[in-house]
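The structure appears below as structure tokens.
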Amino acid sequence: MSGREKLILLVLCAAQFIVALDFSILNVALPVLGDDLGMGQADLQWAVTAFALPSGGFLLLFGRIADLHGRRRLFLSGLALFTVASVLATLAWNPAVFLAGRALQGLGAAAIVPTGMSLLTTTFTEGPRRERALGISGTLLSLGFTIGMVLGGVMTDSLGWRSTMGLLAVAGVAILAVAPGLLTESRHPGRPRVDVPGAVTVTGGLLALIYALSTAAQRGFGGVDVLCTLVAGVGLLVAFVVVESRTAEPLVSLPMLRRRPVAWGNLAGLTTFAMMSTVVFLLTLYLQEVLELSAFRTGLVFGVQGVFAAVAGLTAPKVIARVGARNTLVAGLAVQAAFTAALLGIGLGSGGAWLAMTAATLACVGHLWAIVSYGVTATSGLPDGEQGLATGLVTSSQQIGITVGIPLLSAVSSARVSALRDGGSSFASATLGGVRLGLGVDAVVVAVVAVAVAAGLRRRA
């Protein structure tokens, strides 16, 4: 890479990093935040959901708009919105202002992520340089989620919860100061029209689905609002598929999804992000509520995981060069599944913290191999004019995975905890049982997808 290309990669990765950081930096700060703003325990989920809804729901739409009207323009606009929203969340004087700031952060993130990825894939030509760039980007995306847990605990304990939002604002200003002079404009040469019916159905479907899963994690699947929005979300996504099959200029090219590398690559990406983010969430519950570790010590456990994740992400392109993207993807999923299953050995004793740290770290190594190789697999062999669509799918898989994995398995875990508590188990034992069930389901899902991806990509060969 030239010096300019390295700077471009740094800017794009930094933007992706702060978005990933925003997903998790508030997790350990929620109780303090709730006390400060007067938010009840049942309302704290909205601190996460208000960000997750727009960030997951508008990804595909913004990815396509960027293709048509300029990736650089939308990237800088999204980054500016994210930065201003972070300032608003930092200064929030009541819950409504804070949640508005979080929602605007999510909207900015929905513009940053697909445009950043498409700028990356159009800047670096297909081959070793793009694989290296995707490796660094994927590593920082995963590290952002993990490091957010560490920083959230440290900064909340020392500076208060507002410092976590302030950090994002400062980072956004720094990136905005250098990005305009480095990035060049790119767009689809044909300037086709935006598929409005497709945009409405997919955005509405994703918003309804994310809302239903986020609410179910708190109150279960029995609520009328949960069931109605779940049905509406599935119905709108089915309508989206019908609309795309009949549109001359679709938001998502169904023939592209029929390409095995694109379809199987994105399934793998959605799975690895959904399940690994869930591992981090469930282990946070285990370490803090079962072993009663402080936020700072919990952060240290994930800090070790972050160091090894960085090494795994940087070495992933070399593994791909040696054994191929398909083999690396399958191996990464298999390693993630195996060491997630090893976490079922955690217990009430202090040794559980060491097992949690070791097994989660090794699972994260497989996770990073899967991230880099799925990005390479799902964007290979496509012209620049379709890179926005392809990277929109890739980033949608990432963001939707992070968004839906935690509420889905959290609902499973919570149901188990409630059943054990009704049966007379102590709080710690019931929580441990719920965490183990969530981890078990997690490991099975990753293992099944690993087998399916191996079979699907082998059939293509």
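The values are calculated or read from the model by the stated rules, or taken from the named source; none is laboratory data. All figures in this text were calculated on a predicted structure; none of them were measured in a lab. For neighbour counting, all protein chains shown are included, and Cβ atoms are generated from backbone atoms with ideal geometry for every residue, glycine included. For the accessible areas, the whole protein counts, side chains as well, though only heavy atoms, and no ligand, DNA or RNA atoms are used. Shrake-Rupley method; radii C 1.70, N 1.55, O 1.52, S 1.80 Å.
With respect to Leu355, is the statement that it is at pLDDT 85 or above, surrounded by fewer than 18 Cβ atoms within 10 Å (Cβ to Cβ), closer than 24 Å to Val417 by Cα and touching a Lys or Arg at 6+ places or on another chain (Cβ under 7 Å) true? Break it down stepwise before answering.
On the way: at pLDDT 85 or above: yes; surrounded by fewer than 18 Cβ atoms within 10 Å (Cβ to Cβ): yes; closer than 24 Å to Val417 by Cα: yes; touching a Lys or Arg at 6+ places or on another chain (Cβ under 7 Å): no.
No: the conditions fail for Leu355.
Which condition from (1) open to solvent by 40 Å² or more (accessible area, probe 1.4 Å); (2) outside any helix (DSSP H, G or I); (3) of a type outside the set (Phe, Trp, Tyr) is the one that Met39 breaks?
Against the list (1) open to solvent by 40 Å² or more (accessible area, probe 1.4 Å); (2) outside any helix (DSSP H, G or I); (3) of a type outside the set (Phe, Trp, Tyr), Met39 comes up short only on (1).
Restricting attention to the range 412-441, report how many residues are over 19 Å from Leu343 (Cβ atoms) and part of a helix (DSSP H, G or I).
Going residue by residue through the range 412-441, those that are over 19 Å from Leu343 (Cβ atoms) are 415, 418-419, 421-427.
Within this subset, residues satisfying the condition of being part of a helix (DSSP H, G or I) are 415, 418-419, 421-422, 427.
Result for the range 412-441: 6.
Here is a yes/no grid of residues against (1) polar (S, T, N, Q); (2) at pLDDT 85 or above:
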{"site": "Val97", "(1), (2)": "no, yes"}
{"site": "Arg102", "(1), (2)": "no, yes"}
{"site": "Met117", "(1), (2)": "no, no"}
{"site": "Thr123", "(1), (2)": "yes, no"}
{"site": "Ser137", "(1), (2)": "yes, no"}
{"site": "Gly153", "(1), (2)": "no, no"}
{"site": "Gly160", "(1), (2)": "no, no"}
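With respect to Thr340, is the statement that it is open to solvent by less than 10 Å² (accessible area, probe 1.4 Å) and either more than 23 Å from the chain's Cα centre (by Cα) or among the hydroxyl-bearing types (Ser, Thr, Tyr) (or both) true?
Working: open to solvent by less than 10 Å² (accessible area, probe 1.4 Å): yes; either more than 23 Å from the chain's Cα centre (by Cα) or among the hydroxyl-bearing types (Ser, Thr, Tyr) (or both): yes.
It is true that Thr340 is open to solvent by less than 10 Å² (accessible area, probe 1.4 Å) and either more than 23 Å from the chain's Cα centre (by Cα) or among the hydroxyl-bearing types (Ser, Thr, Tyr) (or both).
Yes/no matrix, rows are residues, columns are (1) touching a residue at least 24 places away in the same chain (Cβ under 8 Å); (2) under 30 Å from Leu457 (Cα atoms); (3) in a helix (DSSP H, G or I); (4) touching a helix residue (DSSP H, G or I) at 6+ places or on another chain (Cβ under 8 Å):
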position	(1), (2), (3), (4)
Trp264	yes, yes, yes, yes
Phe273	yes, yes, yes, yes
Glu292	no, no, no, no
Thr298	yes, no, yes, yes
Ala310	yes, yes, yes, yes
Ala321	yes, yes, yes, yes
Val330	yes, yes, yes, yes
Leu344	yes, no, yes, yes
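Can you find even one residue in the range 6-14 that is open to solvent by 10 Å² or more (accessible area, probe 1.4 Å), under 29 Å from Ala310 (Cα atoms), at pLDDT below 80 and among the aliphatic types (A, V, I, L, M)?
no
Quick check on my filter: what residues within the range 82-104 are open to solvent by less than 60 Å² (accessible area, probe 1.4 Å) and not in a helix (DSSP H, G or I)?
Keep residues of the range 82-104 that are open to solvent by less than 60 Å² (accessible area, probe 1.4 Å), which gives 82-83, 85-86, 88-90, 92, 94-95, 97-103.
Listed by number, the residues that qualify are Ala92, Asn94.
How many residues are open to solvent by 30 Å² or more (accessible area, probe 1.4 Å) and out of contact with any Leu (no Cβ under 7 Å at 6 or more places or on another chain) if we restrict to the range 287-329?
Total satisfying the criteria: 20.
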